[in-house]
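Single-structure report; data block below.
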Amino acid sequence: MSLPKDFLWGGATAANQCEGAYDEGGRGLSTVDVIPFGPDRMPVMRGEKKMLACDAEHSYPAHQAIDLYHHYKEDIKLFAEMGFKCYRLSIAWTRILPNGDDDTPNEEGLAFYDSLFDECHKYGIEPLVTICHFDTPIALIKKYGGWKDRRMIGAYLKYCAAIFGRYKNKVKYWLTFNEINMLLHLPFMGAGILFEPGEDPTEVQYRAAHYEIVASAKAVRMAHEMMPGAMVGCMLAAGQYYPRTCSPRDIWAAQEADRDNYFFIDAQARGAYPVWAKKRMERAGIQLDCTPEDEADMQAGTVDFISFSYYSSRCVSADPEMLAKEGASGNAAFGGVKNPYLKTSEWGWAIDPEGLRTTMNSLYDRYQKPLFIVENGLGAVDKVEPDGSIHDSYRIEYMRAHIRALIQAVDEDGLPVMGYTMWGPIDLVSASTGEMKKRYGFIYVDKDNEGNGTLARSRKDSFYWYKKVIATNGEDLED
Ligand code: BGP
């Protein structure tokens, strides 16, 4: 078994899904704060229903989340008890720049993350920071229309300069945008995009994608200049597309679906758009606002490593009858058809550990850069026993199978993998549904969908299992 000795085992969270304290410490409002719980959630995340402020009829899970803002010392201590080498978290843009592009950063926000990073280092935990995890500042949506506008690049770089300058001695690993391809699937959540009547949604999305890609490239360069030794990655919502049958039309459909997502990473990792993307844009009548300076910036700001989330593989069909019959698969953001070979989670997400190995090999074949799995896990309902224990064998089983696949990819395929930060080491708000009931954690948080609960933390069976996995560097995966 050959996982490297310095393999970065750990867990990943996002500010908006766990911090809460949305209006404390001088923090400004961002997209995630106005995405409500309930039936309006999807239309708002998709940019179809406009919501730029909170109202009394809705509840907003991000406002309190699991209150990590006030519990981070306790939570990081629990991560340390499991032996974490790495903690992936995101900085909330509006804690640092409440209006998104303020000239002077908010000291209270800066001080919060200073203290959080110190707490990590106290236990030898390396922070891995996502610069933007689904939180476009509302003020910038009002001012510019979010990432539809080129001026967002300048605002993002101001934010980067503030955090790179402040944390250069505390943070070595950075990711520019969480799941950058989510912009195509959930445009408001991914990039603060609201569609106006008469706009071509595809054109708007690709224009925004281009600005994010340029911003990412410029941030990579800035990071390298300001923080020698820093490593900056891109982040893809990954999961290989399988053709539903071996019909050539299904094969092509799967390749095209993969390309929708690789579009971003091709640009971030290779520094230029792939040839097929240019042709696709031409056919769709899309004019990318790509200047010669942008091209030079993209070329000069390629990422150091490829990070990605993996929950499941995906399956597509080119056959309209099949599409009508099988409809969308469980993950509403990605669509597709059911894979008859796979079981699904309680939320309908296909469970496919072998697909992780396939996805990793596709990514490495394509980019030849080190990989980093920065999200993987199982959202499930947990039952608390009368004595307070939680027997989450289903979670252990899911993670064991995926870690096995990761080890195979290293051992048998020889892929360089920097680390594995599973998603949601502590229960937190679900991004897609806003629920608390969809739990990922090794640590249980006493809070329900309606917001009731003491917020008390407790250890599930999986907590002790993961601790052993880390202690043995993946040698012992039994429970
Ligand atoms: C990814 C996001 C995370 C996280 C995860 C699980 O798309 O980067 O923020 O939430 O998915 O998804 P969910 O919370 O919808 O179960």
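The values are calculated or read from the model by the stated rules, or taken from the named source; none is laboratory data. Please read all numbers here as calculations on a predicted model, not as lab measurements. Using ideal geometry, Cβ is built from the backbone for each residue, glycine included, and neighbour counts are taken over all protein chains shown.
Phe7 passes all but one of (1) out of contact with any strand residue (DSSP E or B) (no Cβ under 7 Å at 6 or more places or on another chain); (2) more than 16 Å from the ligand (Cβ to nearest atom); (3) modelled with pLDDT of 95 or more; which number fails?
(1)
With the condition kept exactly as written, say whether any residue in region 418-434 is more than 16 Å from the ligand (Cβ to nearest atom), touching a helix residue (DSSP H, G or I) at 6+ places or on another chain (Cβ under 8 Å) and modelled with pLDDT of 95 or more.
No, every residue in region 418-434 fails to be more than 16 Å from the ligand (Cβ to nearest atom), touching a helix residue (DSSP H, G or I) at 6+ places or on another chain (Cβ under 8 Å) and modelled with pLDDT of 95 or more.
Quick check, is Phe463 within 16 Å of the ligand (Cβ to nearest atom), over 18 Å from the mean Cα position of the chain (by Cα), closer than 30 Å to Met231 by Cα and touching a residue at least 12 places away in the same chain (Cβ under 8 Å)?
Against the criterion (within 16 Å of the ligand (Cβ to nearest atom), over 18 Å from the mean Cα position of the chain (by Cα), closer than 30 Å to Met231 by Cα and touching a residue at least 12 places away in the same chain (Cβ under 8 Å)), Phe463 does not qualify.
Given the structure, is Ile306 closer than 23 Å to Ala267 by Cα, in a strand (DSSP E or B), at pLDDT 95 or above and away from the ligand (no atom under 14 Å from the Cβ)?
Criteria met by Ile306.
Quick one: in region 217-252, of everything that is assigned to a helix (DSSP H, G or I) and of a type in the set (A, V, I, L, M), which residue is farthest from Tyr311 (Cα to Cα)?
Met226
So for region 11-32 (the condition being buried (at least 23 other Cβ atoms within 10 Å of the Cβ), touching a residue at least 12 places away in the same chain (Cβ under 8 Å), on the phi > 0 side of the Ramachandran plot and of a type in the set (A, V, I, L, M)), does at least one residue qualify?
No - not one qualifying residue is present in region 11-32.
Mind checking which residues of region 359-383 are within 26 Å of Tyr444 (Cα to Cα) and over 20 Å from the mean Cα position of the chain (by Cα)?
If the condition is that a residue be within 26 Å of Tyr444 (Cα to Cα) and over 20 Å from the mean Cα position of the chain (by Cα), then Val381, Asp382, Lys383 are the ones that fit.
Every residue in region 133-155 that is assigned to a helix (DSSP H, G or I), more than 28 Å from Phe117 (Cβ to Cβ) and touching a helix residue (DSSP H, G or I) at 6+ places or on another chain (Cβ under 6 Å), please.
The answer is Tyr144, Gly146, Lys148, Arg151.
Of the conditions (1) away from the ligand (no atom under 16 Å from the Cβ); (2) touching a residue at least 12 places away in the same chain (Cβ under 8 Å), Glu412 satisfies every one except a single condition; which number is it?
The number of the failed condition is (2).
Scan region 33-49 and report the pairs whose first residue is free of Cβ contacts under 8 Å to residues at least 40 places away in the same chain and whose second residue is outside any loop (DSSP other than H, G, I, E, B), with Cβ atoms within less than 6 Å and a gap of 6+ or a chain change.
Partner pairs satisfying both residue conditions: Lys49/Pro43.
Filter region 435-452 down to residues that are of a type outside the set (Phe, Trp, Tyr) and under 21 Å from Met82 (Cα atoms) and give me whichever is farthest from the ligand (Cβ to nearest atom).
Checking each candidate, the answer is Asp446.
Consider only pairs whose beta carbons are under 9 Å apart and that are at least six residues apart or on different chains; among these, list those whose first residue lies in region 176-201 and is farther than 16 Å from Lys50 by Cβ and in contact (Cβ under 8 Å) with a residue 60 or more places away in the chain and whose second residue is assigned to a strand (DSSP E or B) and more than 12 Å from the ligand (Cβ to nearest atom).
Correct list of pairs: Thr176/Ile131; Thr176/Val232; Thr176/Gly233; Thr176/Cys234; Asn178/Ile131; Ile180/Cys234.
Which one is nearest to Arg259 (Cα to Cα), of the residues in region 333-360 that are polar (S, T, N, Q) and more than 16 Å from the ligand (Cβ to nearest atom)?
Thr358
One line per residue, one yes/no per condition, for (1) of a type outside the set (D, E, K, R); (2) part of a helix (DSSP H, G or I); (3) touching a Ser or Thr at 6+ places or on another chain (Cβ under 9 Å); (4) within 16 Å of the ligand (Cβ to nearest atom):
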position	(1), (2), (3), (4)
Gln255	yes, yes, no, no
Arg259	no, yes, no, no
Ile265	yes, yes, no, yes
Ala269	yes, yes, yes, no
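Name the single residue that is farthest from the ligand (Cβ to nearest atom) among those in region 171-206 being aliphatic (A, V, I, L, M) and within 23 Å of Arg88 (Cα to Cα).
Across region 171-206, the extreme among qualifying residues is Val171.
From (1) part of a helix (DSSP H, G or I); (2) of a type outside the set (Asp, Glu); (3) free of Cβ contacts under 8 Å to residues at least 12 places away in the same chain, pick out the condition that doesn't hold for Thr454.
(1)
Looking only at region 337-352, how many residues end up being without any contact (Cβ under 8 Å) to a residue 12 or more places away in the chain and closer than 11 Å to Leu378 by Cα?
Residues that pass the stated criteria total 0.
Do we have any residue at all in region 156-170 that's within 16 Å of the ligand (Cβ to nearest atom) and either in a loop (DSSP other than H, G, I, E, B) or touching a residue at least 24 places away in the same chain (Cβ under 8 Å) (or both)?
Scanning region 156-170 turns up no residue that is within 16 Å of the ligand (Cβ to nearest atom) and either in a loop (DSSP other than H, G, I, E, B) or touching a residue at least 24 places away in the same chain (Cβ under 8 Å) (or both).
Looking only at region 302-328, filter to residues that are surrounded by 24 or more Cβ atoms within 10 Å (Cβ to Cβ) and in contact with a Lys or Arg (Cβ under 6 Å, 6 or more places away or on another chain); which one of those is nearest to Gly11 (Cα to Cα)?
Top of the filtered list is Ile306.
Would a scan of region 361-373 turn up a residue that is over 24 Å from Phe84 (Cα atoms), out of contact with any helix residue (DSSP H, G or I) (no Cβ under 9 Å at 6 or more places or on another chain) and within 16 Å of the ligand (Cβ to nearest atom)?
no
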